[in-house]
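Read through the structure below, which is laid out as structure tokens, and then see the notes.
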Amino acid sequence: MTTLVTGGSKCGKSSFAERILDSFRGRKIYIATMQPFGTDALEAIERHRKMREGKGFETVEKYTDIGDIELPGGCAVLLECMGNLCANEMFAGEGIASPTDKIVSGIRSLADSASELVIVTNQVGSDGAAYPDGTAAYIRTLGGINRQIAEFADNVIECVYGIPLVLKGEMPC
């Protein structure tokens, strides 16, 4: 079962994504994609660690190349978040300009290996604002990745002001 959780900034998507896996009784893997650069990132990482505390997640920090992750059989995976992963692949070091195929292939690999896969992503591209070329490329790329994942996901849930709304499939919790 693959569930894509989307929404705007600070809309409750992370806590909802964790709630989906509350009743899962096997191993739970949390794939953290935020690189610990700067005070804001460190604060966000710490906030998410506290949210997961006592919930049985094993954390795997993987900033790029998610298709290389070898998962234990029968596990549940929460990937947080697609926005960071996309930026890491595009802009970090020798990033690739359009990592769509690489990321979607990695997600499919995780989905094939995990009993449950929950992916947190960001709603992008709906504000209609003009952005510099690099930012516009990022928005296009993340939007394309989100569309492809939504096509094969069993459930797509949008969080709006803390309220999860089913866009595809059914409410997983």
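Values in this text are rule-based calculations from the coordinates and carry no lab data. Quick caveat: nothing in here was measured; it's all calculated off a predicted structure. Cβ placement follows ideal geometry from the backbone for every residue including glycine, while neighbour counts extend to all protein chains displayed.
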Tell me whether region 52-139 comes out rounded, prolate or oblate; compute the Cα gyration tensor, take square roots of the eigenvalues as a ≥ b ≥ c, and use a/c under 1.5 as the rounded threshold. prolate
Dipole magnitude of the chain about its Cα centre, charges +1 at Lys/Arg Cβ and -1 at Asp/Glu Cβ only, in debye to the nearest 20? 440
Just to be sure I understand: with springs between alpha-carbon atoms less than 10 Å apart, which residue in A32, A111, A130 has the highest mean-square fluctuation in the Gaussian network model of the chain? A130
Rounded to whole Hz, the Karplus (6.51, -1.76, 1.60) HN-Hα couplings of region 148-158, x for glycine and proline: 5, 5, 4, 4, 9, 5, 6, 10, 10, 10, 9
Between beta-carbons, use under 15 Å as the cut-off and find the net charge around T141, counting Lys and Arg +1, Asp and Glu -1. 0
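Just the number, please: percent antiparallel of the DSSP beta bridges in the chain, rounded to the nearest 5.
15
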With every atom except the alpha carbons ignored, what do you get for Rg and Dmax of the chain, in angstroms? 15.1, 46
Let me have the 222 nm mean residue ellipticity of the chain computed from DSSP H runs of 4+ only, each contributing -39500 (n - 2.57), with the sum over all residues rounded to the nearest 500. -12500 deg cm²/dmol
For region 48-94 and region 116-130, what is the centre-to-centre distance using only Cα atoms, to the nearest Å? 17
